[in-house]
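See below for the structure under consideration.
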Amino acid sequence: MSCCRRDNKFVHPRNAAVAPTSDKDDAGVVDFPPPLTSMQRTKRAIEFYKRVLPVLAAYKAKELEFKLKKTPEEKQQQAWQELDEWGSTRIAETIHDMKGFYVKTGQVISTRVDLFPEAYTSKLQELQDSIEPMPFDLVEKVVSQELLDGAPLSELFSSFDKEPLGSASIAQVHKATLLDGRVVAVKLQRPNVEPKLLGDVANLKRISKALAKSLPVDYYTVFCELGDALVNELDFLAEAQAMRKIDFAVSHDTDGSPTERPVSIPLPVGELVSKRVLVMDFVEGIPLNRLQETLQERGIEPGSPESKIAGRRILDSLSLAFGRMIFGAGFIHGDPHPGNIFIGEGAKVSLIDCGQFKALPRPQRVQLAELVLAVAEYQEATDDTQREMTKTKLANLVRGFGVTLLQGKEDDDDLACAVALLLFGDNCQELPGGYSTNELSEVSPIKQVASFPQELVLLGRATVLLKGIAKRLDIPFSLAQKWGAGCALTIDAASEPVLPLWGKEVAAVSRDENNCNEKVRFQQVASLLKQWGKGKGKRFLERVVKSLPPDMRAKVLEAELRRQERKEAGM
């Protein structure tokens with residue numbers, strides 16, 4: 001399946017491409033509503049909590065009932081499952097009806113199979129597929145108004161699919177063909193979405209600030225960060241610039257040297273972009289959250305060598321890409337949920353939807369690098385004395401980064417260390433001090449944090465995604481090990497500021513124009529040839545393996561899987 005979409009709804013094309021009409025629309029301009037008033041925001045908040053609070057109360061009541069009646073474990077499990085079924089249905093219906101920022105919240109929950117019951121993750125996954133698309137006449141009006149100053153689409157496109165490739169809470173994406181024959185994806189914003197989204201975030205910030213002392217986590221900081229990210233996500237001009245910067249980030253190592261891209265980033269097409277419409281590269285592939293069912297349709301079962309090799313390749317590509325973004329360029333894709341990760345042939349990864357992003361200044365990149373290296377040092381400690389010394393070092397780095405712990409816990413090194421290990425450590429790492437890796441547990445280190453820097457909010461989304469994928473695939477995984485080499489390069493190169501990658505590229509072009517006789521360095525040519533050769537060799541091997549008889553292909557894949565497992569185990 002081919003697509004490049006904003007998120008959520010994945011639709012099979014139904015021969016829906018049409019030649020754009022040549023008659024100029026005379027129905028007037030599309031209105032983009034103003035922000036919600038305080039009264040409108042309050043009404044939405046009341047409606048949401050009126051529907052959600054009974055679900056939360058039901059869980060609390062059931063918990064008290066079990067304690068009073070001393071209900072046997074078996075009956076408790078059955079009762080919880082029934083309550084999960086009822087509660088998840090109610091929550092999904094609420095989010096579906098109210099839309100806005102609540103859909104974004106549902107997206108996050110649907111990916112956390114390690115935290116939430118299956119009833120919730122499955123129903124909210126279904127919710128992602130039920131966002132109603134805009135009617136095509138409205139699509140035409142928005143694109144015409146934003147890109148063509150009211151002129152017909154035929155002035156720019158030779159065809160434009162009526163059926164969207166994807167339809168989400170903020171925008172939807174259509175496949176189209178430009179007049180020069182290039183196939184592109186066209187992303188356009190819903191005219192009525194901005195006031196609801198910003199209003200919902202304002203509500204959540206206000207409520208989380210008022211209830212700060214009652215909540216287990218500093219949600220006010222979380223919603224502030226997500227609110228800032230949302231403003232960028234609603235501006236496609238900012239997204240177009242972010243696409244280019246993220247592409248620079250993944251195509252350079254942490255020391256700034258050019259290298260092969262572990263993931264592809266769709267780029268804007270020329271200057272065909274406005275605040276509310278973006279024309280970009282068309283991406284071939286299927287979203288990660290549909291990969292398993294697609295593999296099964298092709299006869300590839302979960303747990304098979306072919307499935308595991310594909311999973312490892314996807315995980316390696318994503319961890320390498322995010323390592324370069326964080327510790328190299330310091331410019332990060334901030335919305336890496338499975339609907340924004342497309343998998344092509346040979347498990348090649350594309351990262352779409354760059355609307356949420358975060359820039360990390362050089363001092364913070366160095367602090368993070370030191371933190372990650374300390375996590376690796378803690379995990380590699382061979383005796384209690386070494387582990388205790390490393391724990392103290394790690395705890396001080398966590399506090400130095402700006403994480404503050406609850407009153408009475410400020411000096412708890414076990415807790416500070418556990419926070420770092422939860423974010424960057426092995427996905428099966430035992431935490432010190434008896435703290436739990438389950439973020440919903442009463443003894444989760446996250447629930448003992450009073451506040452943390454906003455930079456960790458979007459970084460946390462990336463680490464949660466990677467560790468979640470590893471858990472689904474049952475692959476031992478440590479971000480500290482994956483990112484260690486890059487962190488060391490970051491610290492070595494941190495003595496003085498350097499021109500950003502996107503600035504270097506401009507400077508290089510200017511220099512070539514001013515001095516066309518300047519020689520290209522041999523090292524650069526050798527590096528590029530090496531990358532080209534590796535890519536050609538890999539594609540050749542993939543074709544050879546695909547052409548083998550099924551029995552022989554299975555044996556080759558099993559041998560390759562064992563080789564990868566031995567490599568990860570350091571054997």
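Here are some notes:
- Qualifying residue in region 278-290 (condition: farther than 16 Å from Ala462 by Cα, among the aromatic types (Phe, Trp, Tyr) and either more than 20 Å from the chain's Cα centre (by Cα) or not in a strand (DSSP E or B) (or both)): yes
- Top-ranked residue of region 41-70 - restricted to ones that are open to solvent by 100 Å² or more (accessible area, probe 1.4 Å) and among the aliphatic types (A, V, I, L, M), ranked as nearest to Arg90 (Cα to Cα): Leu56
- If the condition is being at pLDDT 75 or above and more than 20 Å from Glu47 (Cβ to Cβ), then region 90-122 contributes Pro117, Glu118, Ala119, Tyr120, Thr121, Ser122.
- Of all residues making up region 472-486, the number that are among the small types (Gly, Ala, Ser), part of a helix (DSSP H, G or I) and under 15 Å from Ala418 (Cα atoms): 1
- Among the residues listed as Glu233, Glu271, the single one being closer than 30 Å to Ser144 by Cα, in contact with a Gly (Cβ under 7 Å, 6 or more places away or on another chain) and not small (Gly, Ala, Ser): Glu233
- Flag if Ala240 is modelled with pLDDT of 95 or more and open to solvent by less than 20 Å² (accessible area, probe 1.4 Å): yes
- Every listed requirement among (1) open to solvent by 40 Å² or more (accessible area, probe 1.4 Å); (2) within 24 Å of Lys209 (Cβ to Cβ); (3) assigned to a helix (DSSP H, G or I); (4) in contact (Cβ under 8 Å) with a residue 60 or more places away in the chain is met by Glu439 save one, (3).
- Filter result for Pro258 (on the phi < 0 side of the Ramachandran plot and open to solvent by less than 30 Å² (accessible area, probe 1.4 Å)): no
- Filter result for Val231 (open to solvent by less than 10 Å² (accessible area, probe 1.4 Å), aliphatic (A, V, I, L, M) and farther than 30 Å from Gln407 by Cα): no
- Residues of region 495-525 that turn out to be modelled with pLDDT of 50 or more and either touching a strand residue (DSSP E or B) at 6+ places or on another chain (Cβ under 7 Å) or under 22 Å from Asp247 (Cα atoms) (or both), as a count: 9
- Any hit, region 337-348, residues being at pLDDT below 85, open to solvent by 10 Å² or more (accessible area, probe 1.4 Å) and in contact with a Pro (Cβ under 9 Å, 6 or more places away or on another chain): yes
- Of residues in region 282-299 being closer than 13 Å to Glu345 by Cβ and in contact with a helix residue (DSSP H, G or I) (Cβ under 9 Å, 6 or more places away or on another chain), the one most open to solvent (accessible area, probe 1.4 Å): Glu284
- Hits in region 442-471 - residues which are surrounded by fewer than 18 Cβ atoms within 10 Å (Cβ to Cβ) and either part of a helix (DSSP H, G or I) or of a type in the set (Ser, Thr, Tyr) (or both): Lys447, Ser451, Gly460, Lys471
- For Lys275, the conditions (1) farther than 30 Å from Ala493 by Cβ; (2) open to solvent by less than 20 Å² (accessible area, probe 1.4 Å); (3) at pLDDT 85 or above are fulfilled apart from (2).
- Qualifying residue in region 220-229 (condition: in contact with a Lys or Arg (Cβ under 8 Å, 6 or more places away or on another chain), over 24 Å from Gly344 (Cα atoms), among the hydroxyl-bearing types (Ser, Thr, Tyr) and part of a helix (DSSP H, G or I)): yes
- Candidates are the residues of region 388-402 that are in contact (Cβ under 8 Å) with a residue 40 or more places away in the chain and of a type outside the set (D, E, K, R); the one that is surrounded by the most Cβ atoms within 10 Å (Cβ to Cβ) is Phe401.
- Inclusion of Val372 among residues that are closer than 30 Å to Ala242 by Cα and open to solvent by less than 20 Å² (accessible area, probe 1.4 Å) is warranted.
- A count restricted to region 375-387 and to residues that are surrounded by 14 or more Cβ atoms within 10 Å (Cβ to Cβ) and either more than 33 Å from the chain's Cα centre (by Cα) or of a type in the set (A, V, I, L, M, F, W, C) (or both) stands at 3.
- The set of residues in region 301-312 that are open to solvent by 30 Å² or more (accessible area, probe 1.4 Å) and either within 17 Å of the chain's Cα centre (by Cα) or over 20 Å from Pro476 (Cβ atoms) (or both) contains only Glu301.
The values are calculated or read from the model by the stated rules, or taken from the named source; none is laboratory data. Fair warning: this is a prediction, and the values are worked out from it, not measured in the lab. So basically every Cβ, Gly included, is an ideal-geometry build from the backbone, and we count neighbours across all protein chains shown. The protein model used for the area step is the full one, side chains on, heavy atoms only, and it has no ligands, DNA or RNA in it. Shrake-Rupley method; radii C 1.70, N 1.55, O 1.52, S 1.80 Å.
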